[in-house]
Structure formats: structure tokens, C-alpha cells
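Notes follow once the structure below has been shown.
We did not get these values from a lab; they are worked out from the coordinates using the rules stated. Remember, predicted model here, so these are calculated numbers, not experimental data. Cβ: placed from backbone, ideal geometry, glycine included. Neighbour counts: every protein chain shown.
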Ligand SMILES: Cc1cc2nc3c(=O)[nH]c(=O)nc-3n(C[C@H](O)[C@H](O)[C@H](O)COP(=O)(O)OP(=O)(O)OC[C@H]3O[C@@H](n4cnc5c(N)ncnc54)[C@H](O)[C@@H]3O)c2cc1C
Ligand SMILES: Cc1cc2nc3c(=O)[nH]c(=O)nc-3n(C[C@H](O)[C@H](O)[C@H](O)COP(=O)(O)OP(=O)(O)OC[C@H]3O[C@@H](n4cnc5c(N)ncnc54)[C@H](O)[C@@H]3O)c2cc1C
């Protein structure tokens, strides 16, 4: 019956989204009148695991096998399913990020458990189990009923929040049975881009579009981002034309993000762009055209030339720190 | 080698989504149907690989689980350059059902590489490719941004947060395609459209299969309150509002 949250680590550390995940699992377990189990895969220090107690982990299960420090969706799904079966858990919750998206479908087939991807809220009802998720890339929502006995959810970022709910530490180790055959993919090398803030994790995102006129005009965008500790992003034509890398492209065919604060600078607000950012808590639009559609989805707007507005705004924020 | 590309038939990205039947059905009226954007990129890359002489890819097929309204989209895939299309005739209920149907087809019709998109732009499941790989019991490459085959050796790039992994693996595998896999999706040329008419579009009946979930109801987002305009001469006001009103700075 219990709820298992899969707490992914990044080089041995958890992120805010992990705390949100555990907070959510705790709330679900509370409603179901059951236990919150948290599963960690790969080597993580005990002091880091202990942090999860703060958000309501009744039991932490650690699989500290160094072969599992690099994520493989196939192996992780196998490990999670072994733990689910051992604990006789009914609910598995993962974050709706790259790793959650890669693991959850495999787990769904292994456990024959219905999957609701990108859920946005606590269940609307428990029996039948109905839950709200995003469809049509933020243009609508759907209430999905999961009919199978076991259920898998991936939780959208910033949809529940972090809630403290301290318990006491109950840490156990688990050793899964894994055949050598599973370790077949060879990672030849890993390349990381410079130490920039990762878009999917960022609380603040500064995004710019074709209104910047040329790739050479990005310094003011970078400056504003850096003064706030924000990630940078862009509209599709900007990445298509090679002004910025593909990893910055947000929208229906790019990344879908939900930061606390999103700046849309020189972006007109096409439906495909807005679809990818509409779950941002607060949107600020800066555009020369007062009629630009972006203003109809923004919370705050400034009509003006980005090349003038951005440096001034950056100065004000820097001086206010 | 043979490549199978999974094709989801989705509303054009400019579609204003509406619902009928008490918010229980998507309103199809006036909707233009397209190949899911990532599936179009996957198909383009598969055709590029077939055309490139350095590998032994001799067939590119597309498959869809859907009703006859999907045929136009499959014809488009043939016009872009696929050799053959398969439609499993069923109303797809959830991603598990779709993946199970395709997996069943693959049992008797093996492929070396199966490509899917990272997400279908309608139901945003990000599920079918991963599920398929589990049914096939083979590796899946999530967020695949590059696929090269030379003399049977497969090299793949996978996007990871803040960088990429470079992988080597053997077939069969499922590649879950992300943007970057190719530059531009191909557009059907006149000659392709003519040729597509002669290419096979096979319609198969679905096998008995359960689904694990279904949609009960849809909902549209509530409209945002109107935008507060700030004078470009008084940007300190914006900063104050972000700090004290929105509490996001
Ligand atoms: C299938 C499909 C999928 C798509 N997916 C996406 C997607 O995922 N993401 C995406 O972004 N787009 C997507 N698009 C493209 C989308 O339709 C728009 O074309 C695109 O978002 C426009 O980008 P933009 O706002 O940067 O440029 P434009 O629409 O050209 O807007 C530029 C804006 O800058 C303003 N401006 C000009 N000069 C200045 C200045 N000096 N200072 C401030 N403002 C200025 C202008 O008033 C204008 O509003 C997709 C399109 C299709 C067909
Ligand atoms: C509740 C519900 C109601 C639905 N109602 C309808 C409906 O009314 N009409 C309708 O046509 N469909 C309907 N669908 C099916 C839907 O269009 C998808 O085919 C299926 O659910 C997978 O969606 P997904 O978002 O999980 O796909 P994802 O897992 O996000 O798709 C990823 C990739 O899988 C492949 N793929 C996805 N779907 C298919 C497919 N059908 N055939 C071949 N390859 C595919 C593509 O390569 C795609 O890029 C419904 C689905 C659900 C869950």
C-alpha cells in the first residue's frame, strides 16, 4: 500500500525538486493513511540522505552501488521494481524531469502500473484514482483515471511546493540482483557545457527572442541573468538560426519550463512559445510593440527597447542587492 | 538494417484546443493534423541515414496506432521518404496500449532500430518509446540528439542536464529523439507525393490488449488577470513589484 518516492541525486546531491517530490509523497501517503518510503540509487553520503527526513521520509532505502552512479533507465527501473515488490508498495512517484521521464515508462511495463506523467496536483479522488495532468503542452489539463492496482506518477516541478514535515531517520540498505547483461550500454565520454545554471532547475529564467536583432546583442541578456543568478533561454527562431544553442530553446517543441520568474524579452508571444512557459509563476514581458501578444499572458510588462531597458534594469537590481 | 519510426498524429501546433461533450472529448472541428514534430525529425534522420552510403540501412518504415483519420499523416510520411507505412487500427486509449500494440507487431516483424519522439504534443506522455523498449527488453536512449552509423557501429549522443553523453551500443535499441538529431524536418516534394501513392500502407487489426488509464475529463486553464504595465522610465517600480507583490525576486 505504501508510497515510494524515487530521490534522484546529481553527483551525490539532491536538488530542491527532490524535496518537493518527498513533500508530495508524504501528502499522498497521509491521504492514503500509509508510509512514505524514499529510494535513493547510487552512492550518496548519509548526511545528504538525512536531509530527506525533513520532508517526511518514514524510511529511506539506499542502494549504494557505485556501478549505479550513472543513470541507466533500464537498470534503475529494474532496481525500483525490485524495491516496490519487496515493500509491496502501491504508488511510485518520480520527478517529471529527464530521469523520471526515462525511468517511469519502463517501470510502468515492468509493474503493469498505469502512469500519469506530469501531474500537477494531489489526486482529485483516491477511489477511483483521478489526478490532474498537463496535456497539449500547457494549453489544457486532463483528469486521468489510473485503473491498475499499482500506480506511477511523475510530478511537475513547482506544482506542489516544498513542505517540511520532519520525521526521524530510518535508513536501510538494499542490494538488488542485477545481471551483467544489463550493463550493456557503453558511455564513451561525457561532455558538459560551461558551469551555467541548468535551465530545467532555474528559479529565474531570462529568455530573449528575435527582437534582440542579432547574436551579438546577447550581452545585456547575459548580464541581467547573471545579476539574478538566472538561467538563459530563447525562442525557437533564435536557436534555429544558431544565435543560441538548442538547449536554450523553450516552447512547445523545445523545453517546457515552470520557473518562479520568466522574462520574455523581444519575444512576440506566439502560441507555441507560450505553451512552453505558461506554468511560470510570474512572467515579465519587455517588448517595443505594445500590441505584442506576449503582454496578454504576462503579469508585468514594459514597452521599450531591450537594448536600453536591460542594462538599466540590471543596474537597478545590482544596486539593490 | 531496418529502422521503424513511430508516428503520432497530432493537432497542428497553432491549434486553439477546445472540448465538446461536457469537456470529455477533444473538439476535432477545423483541426489540422500533422506528424508530431519530433517524429518528423526522427523520420528525417532515418531517411538521411538510408541515403548515406556508409551504412547498411535498406528500409525505413513508419507505424501508427490510430483510426483511419491518421492515414493522411502516414501518407505524408511516405511522401517525405518512408518506404512503407503500417497502421494498427485502434483508438489509442493510453500510452501503454499504444506501446503494447507496437511491441506485438515487432515480435513477428523485427527491426534493428526503433525511433520514437520524446513526447507526443497532444497527451504529453513521454512514455511510448520507453515502454516499447521495456516490452522489447532492449536499451532505450532517452533524449537522443545524434545518431551516426558507420560500418555497423552505432554512435549516439544523449542530452543530459548541462551537457551530453557519447554512447556506443549494439542493435536492437529504441532511440527517443530530441531536437538536434537533424537540422530541419524534410518537407514532401512533388515527386515524393506522387511516389507515396504507390507505396504500401498496411492496415492491421489490433490485438486484444488492456489499457491502464483513461482520461475522465479535460479542463482549460483560467485566463490570467491583466498585465500590469510599468513605465520604461521607472524600472525600479518593476523591481519593487517583483520583490514585494509577486515575491519572486
Ligand atoms: C510546429 C511549430 C513549432 C514551434 N515551436 C516553437 C517553440 O517551441 N518555441 C518558440 O519560441 N517558437 C516556436 N515556434 C515558432 C513561433 O510560431 C514563433 O515564430 C516564434 O516563437 C517567434 O519568435 P520570437 O518571438 O523570438 O520572434 P518574433 O515573433 O519575430 O518577435 C520578435 C518580437 O520582438 C519585438 N522587438 C523587436 N525589437 C525589439 C527591441 N529592440 N526590444 C524589445 N523588443 C523588440 C517585436 O515587437 C516582436 O514582438 C513554432 C512554430 C511552429 C510552426
Ligand atoms: C485519455 C486519452 C485519450 C485519448 N484520446 C485520444 C483520441 O481521442 N484520439 C486519438 O487519436 N488519440 C487519443 N489518445 C491517444 C494519444 O494520441 C496517444 O496516441 C497515446 O496516448 C500516447 O500518448 P502519449 O502522450 O503518451 O505519447 P508519448 O509517449 O508522449 O509519445 C512519444 C512518442 O511515441 C510515439 N507515439 C505516440 N503515440 C503514438 C501512436 N498512437 N502511434 C504510434 N506512435 C505513437 C511517437 O513517436 C511519439 O513521439 C488518447 C490518449 C489518452 C491517454
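Remarks
- Per residue of B:165-172, other chain Cβ atoms within 10 Å of the residue Cβ number 4 on average.
- For A:293-305, mean number of other protein chain Cβ atoms within 10 Å: 5
- Footprinting exposure proxy for B:132, B:67, B:201 (fewest neighbouring C-beta atoms within 10 Å first): B:67, B:201, B:132
- Anisotropy class of the stretch A:160-269 from Cα gyration tensor, a/c 1.5 cut: oblate
- Against chain A, whose longest principal axis comes from its Cα atoms, helix A:98-111 is set at around 30 degrees.
- Residue exposure sequence - B:138, A:282 - by fewest surrounding Cβ within 10 Å: B:138, A:282
- Protection proxy ranking of A:55-68, A:226-239, by the mean of other Cβ atoms within 10 Å over each peptide's residues and highest first, is A:226-239, A:55-68.
- log₁₀ of I(q)/I(0) at q = 0.10, 0.13, 0.14 Å⁻¹ - the stretch A:3-183, Debye sum with one point per alpha carbon: -0.34, -0.59, -0.69
- DSSP beta bridge pairing in chain B, given as percent antiparallel to the nearest 5: 40
- Distant alpha-carbon pairs in chain A (separation over 29 angstrom), percent: 43
- Each principal axis of the Cα cloud of the protein assembly as shown was taken in turn, and the coordinate range along them, longest first, works out to 68, 64, 52 Å.
- Taking the fewest neighbouring Cβ atoms within 10 Å as the starting point, the ordered list for B:214, B:157 is B:214, B:157.
- Between helix B:95-108 and chain B there is an angle of about 10 degrees, using the helix long axis and the longest principal axis of the Cα atoms.
- Average other protein chain Cβ within 10 Å of Cβ, residues A:280-288: 3
- GNM flexibility winner over chain A from A:131, A:271, A:152 (Cα, springs under 10 Å): A:271
- Per residue of chain B, the DSSP helices (runs of n ≥ 4 H) give a summed -39500 (n - 2.57) that works out to -7000 deg cm²/dmol at 222 nm.
- Peptides A:290-303, B:10-23, A:208-221 ranked from most to least packed, by the mean per-residue count of other Cβ atoms within 10 Å: A:290-303, A:208-221, B:10-23.
- Per-bin percent of Cα-Cα distances, the stretch A:76-195 [5 Å]: 2, 9, 16, 18, 18, 16, 10, 8, 2, 0
- The stretch B:40-170: equivalent-ellipsoid semi-axes (sqrt of 5 x gyration tensor eigenvalues, Cα, Å): 24, 19, 14
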